[in-house]
1. Across the stretch 62-84, what is the number of residues that are surrounded by 15 or more Cβ atoms within 10 Å (Cβ to Cβ) and not basic (Lys, Arg)?
2. In the stretch 90-101, what residues are surrounded by 14 or more Cβ atoms within 10 Å (Cβ to Cβ) and under 22 Å from Ser159 (Cα atoms)?
3. Name, by its number, the condition in (1) at pLDDT 95 or above; (2) assigned to a loop (DSSP other than H, G, I, E, B); (3) not basic (Lys, Arg) that does not hold for Thr58.
4. Do you know which residues across the stretch 207-231 are under 24 Å from Gln55 (Cα atoms), open to solvent by 20 Å² or more (accessible area, probe 1.4 Å) and modelled with pLDDT under 85?
5. Only residues that are open to solvent by less than 10 Å² (accessible area, probe 1.4 Å) and either touching a residue at least 24 places away in the same chain (Cβ under 8 Å) or in a strand (DSSP E or B) (or both): list them for the stretch 125-150, please.
6. With respect to Ala87, is the statement that it is at pLDDT 95 or above, over 27 Å from Pro173 (Cα atoms), open to solvent by less than 20 Å² (accessible area, probe 1.4 Å) and among the small types (Gly, Ala, Ser) true?
7. So, of the residues in the stretch 178-189 that are modelled with pLDDT of 90 or more and either assigned to a loop (DSSP other than H, G, I, E, B) or among the basic types (Lys, Arg) (or both), which turns out to be surrounded by the fewest Cβ atoms within 10 Å (Cβ to Cβ)?
8. Which number in (1) farther than 20 Å from Gly208 by Cβ; (2) touching a strand residue (DSSP E or B) at 6+ places or on another chain (Cβ under 9 Å); (3) modelled with pLDDT of 90 or more marks the one condition that Gly154 misses?
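The values are calculated or read from the model by the stated rules, or taken from the named source; none is laboratory data. What you see is a predicted model, and the numbers here were worked out from it, not measured in a lab. Note: ideal-geometry Cβ built from the backbone for every residue, glycine included; neighbour counts use all protein chains shown. SASA here: full protein model, heavy atoms, side chains in, ligands and nucleic acids out. Shrake-Rupley method; radii C 1.70, N 1.55, O 1.52, S 1.80 Å.
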Amino acid sequence: MKSNLIFNKFKAFTLAEVLLVVAIIGITAALALPNLSQNVDEDKYVMLAKTTYNQLETGVSRMLTNKSIDEIISDAGVTTKADATKAIVAELSKYIKMTKNCGNDVTQCYNLSKNYVEYDGTSIEDKPFASSFSSDAAAFTLPSGAVVVVVNVGNEIGSGIYMYFDVDGVKGPCKKGIDIFNAHINNEDEFTYTSDENGDPALEPDYGALSWVLSIGNMDYLHCNDLNWSTKHQCD
């Protein structure tokens, strides 16, 4: 019996030792939680970006299989860029479930009181989600809450059709490269995004960020500027 008591005495931890271990665990958790939360949020936006792009790509591809952009514009008899984007959204509504078609009144689909910002944090001034943006655009919303703005940026009616999308509407940071991206319909009537595989995605957040998210699956371009399409896909 005496030997067991001696064994138990040496086996047990003192209260001070237990408190020290608890304190160390608490400090470690406090340091780790902000990074963990950040990673979780970024994973969410990666998923939303992929889901939204896939929805748009599927719908636009089906639409273009049946009608080219020129045919959509010709059939609608449009004479302005505003009419062109409105006609494209109307045609696309046959292939994508929209919760709201805002036509050329794009601010009906998103809230201008929200501060929409560029990649570097400055306010967006000359693109969709900006109060000064041209009325030539048309917009719609998806059941997921995503807002999509269709823009005719080319010199001619129907040329240079871009789709800017905010994957979670006004809920998120409303920042390009996190929840705001864009893709476009090229001259071959294909829905696509630009990918510069020899460049740094942070240099072209409109294009590189989306191609990086879709291809690599993270948003590490937000945290470091030495990523490489071929050899480095994560920050150190």
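1. Of the residues in the stretch 62-84, 11 are surrounded by 15 or more Cβ atoms within 10 Å (Cβ to Cβ) and not basic (Lys, Arg).
2. Correct list: Ala90, Glu91, Leu92, Ser93, Tyr95, Ile96, Asn101.
3. That leaves (2) as the condition not met.
4. Passing the criteria: only Tyr207.
5. Pro128, Phe129, Ala137, Ala138, Ala139, Phe140, Leu142, Ala146, Val147, Val148, Val149, Val150
6. Yes; evaluated as a whole, the condition is true for this residue.
7. Asp189
8. Tallying (1) farther than 20 Å from Gly208 by Cβ; (2) touching a strand residue (DSSP E or B) at 6+ places or on another chain (Cβ under 9 Å); (3) modelled with pLDDT of 90 or more, Gly154 fails exactly one: (3).
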